[in-house]
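Scroll down for the structure; my scribbles are underneath it.
The values are calculated or read from the model by the stated rules, or taken from the named source; none is laboratory data. Remember, predicted model here, so these are calculated numbers, not experimental data. Don't worry about glycine lacking a Cβ; one is built from the backbone with ideal geometry, like all the others, and counts go over all protein chains shown.
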Amino acid sequence: MMLTHNEKNKSLQFSGTIIDLETIGPFADYPDDDSRQYSKLTPTIVGYITSNELNIFCAKEIADLNELRDIALKIVPSFKKPLFAFQSKFERGVLHHAFGLKLEIDGELNNRTREWKGYACSDLNIPAYDDPFSNDGKLCSLAWNNGNHAQAIRHNRSCLLKERDILMKRGYRKPDDLKFF
């Protein structure tokens with residue numbers, strides 16, 4: 001069973017789509033610019049926000065991951081350009097290894113590689129948007145594994161809203177390089 005969350009978004013206008021994933025599994029031991037570091041991660045939530053709407057698709061259990069893959073294969077290629085992500089290597093690497101998608105991200109929302117979203121939000125005075133995990137994606141992974149899907153969805157929602165605000169307040173930069181293997 002797939003859990004979904006949808007909101008109409010009318011407050012801040014921007015062009016394109018911001019994508020944010022939540023995953024389970026460990027990072028693999030590869031260099032920072034090697035997509036294989038994401039090869040053991042499994043997406044559990046695919047969320048995105050445009051100027052019109054916010055959508056989140058959450059697999060309820062391991063058996064639902066194929067349905068999440070099918071949804072991602074359908075919606076991700078149709079995202080309105082430009083595409084943005086806070087840590088684009090993560091989204092690009094996970095989508096490549098988990099779903100076979102080679103996504104071109106147009107803008108990186110972090111100021112530098114591995115910037116913590118919590119610092120960016122603090123520096124820009126961006127609210128928490130009811131994030132139950134205070135910008136800690138590892139806690140989201142644990143919650144999903146424990147069946148706490150409502151909190152995992154709340155975390156992804158808050159990430160999307162924070163990333164929208166980051167884009168609106170400071171813009172974006174060229175994405176970090178990632179070698180696909």
Taking the range 13-45 as the region of interest, how many residues are at pLDDT 95 or above and of a type in the set (D, E)?
4
Which ones in the range 77-107 are touching a helix residue (DSSP H, G or I) at 6+ places or on another chain (Cβ under 7 Å) and under 24 Å from Q13 (Cα atoms)?
F84, A85, F86, L103, I105
Does at least one position in the range 53-64 carry a residue that is closer than 21 Å to N110 by Cβ, out of contact with any helix residue (DSSP H, G or I) (no Cβ under 8 Å at 6 or more places or on another chain), at pLDDT 95 or above and not in a helix (DSSP H, G or I)?
no
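Quickly run through the range 119-142 and pick out the residues that are assigned to a helix (DSSP H, G or I) and not hydroxyl-bearing (S, T, Y).
Let us first name the residues in the range 119-142 that are assigned to a helix (DSSP H, G or I), namely 119-124, 137-142.
A120, C121, D123, L124, G137, K138, L139, C140, L142 - these are the residues of the range 119-142 that are assigned to a helix (DSSP H, G or I) and not hydroxyl-bearing (S, T, Y).
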Quick check: anything in the range 59-70 over 25 Å from K162 (Cβ atoms), crowded, with 18+ Cβ neighbours inside 10 Å and of a type outside the set (S, T, Y)?
yes
Kindly provide the set of residues from the range 1-34 that are farther than 22 Å from L139 by Cα, under 16 Å from the mean Cα position of the chain (by Cα) and either among the hydrophobic types (A, V, I, L, M, F, W, C) or surrounded by 13 or more Cβ atoms within 10 Å (Cβ to Cβ) (or both), ordered by number.
G16, T17
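Restricting attention to the range 150-160, does a residue exist that is of a type in the set (S, T, N, Q) and surrounded by fewer than 21 Cβ atoms within 10 Å (Cβ to Cβ)? So that I can check it myself, show each step before the final result.
Initially, the range 150-160 is screened for residues of a type in the set (S, T, N, Q), giving 151, 156, 158.
Adding the requirement that they be surrounded by fewer than 21 Cβ atoms within 10 Å (Cβ to Cβ) leaves 151.
For the range 150-160, residues of a type in the set (S, T, N, Q) and surrounded by fewer than 21 Cβ atoms within 10 Å (Cβ to Cβ): present.
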Just wondering, is there one or more residues in the range 150-172 that are touching a residue at least 40 places away in the same chain (Cβ under 8 Å), not in a helix (DSSP H, G or I) and not small (G, A, S)?
yes
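Looking at the range 25-54 only, could you name the residues that are out of contact with any Phe, Trp or Tyr (no Cβ under 6 Å at 6 or more places or on another chain) and either under 15 Å from L3 (Cα atoms) or hydrophobic (A, V, I, L, M, F, W, C) (or both)?
Taking the range 25-54 as the starting set, the residues that turn out to be out of contact with any Phe, Trp or Tyr (no Cβ under 6 Å at 6 or more places or on another chain) are 25-34, 38-43, 45, 47-50, 52-54.
Once the filter is applied, which keeps residues that are out of contact with any Phe, Trp or Tyr (no Cβ under 6 Å at 6 or more places or on another chain) and either under 15 Å from L3 (Cα atoms) or hydrophobic (A, V, I, L, M, F, W, C) (or both), the range 25-54 yields F27, A28, L41, P43, I45, G47, Y48, I49, L54.
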Mind checking which pairs have a first residue in the range 60-74 that is more than 13 Å from T23 (Cα to Cα) and in contact (Cβ under 8 Å) with a residue 12 or more places away in the chain and a second that is surrounded by 13 or more Cβ atoms within 10 Å (Cβ to Cβ) and of a type in the set (G, A, S), Cβ under 7 Å, 6 or more apart or different chains?
E67/A59
Residues in the range 17-47 that are out of contact with any strand residue (DSSP E or B) (no Cβ under 6 Å at 6 or more places or on another chain) and within 20 Å of L83 (Cβ to Cβ) total 2
Report every pair of residues separated by at least 6 positions or lying on different chains whose Cβ atoms are under 8 Å apart, first residue within the range 85-96 and under 15 Å from L73 (Cα atoms), second of a type in the set (V, I, T).
E91/I19; E91/I105; R92/I105; V94/T23; L95/V76
Within the range 122-129, does at least one residue satisfy the condition of being crowded, with 19+ Cβ neighbours inside 10 Å and farther than 20 Å from T42 by Cβ?
yes
Condition set acidic (D, E) and assigned to a loop (DSSP other than H, G, I, E, B), scope the range 95-113, selection farthest from I126 (Cα to Cα): answer is E104
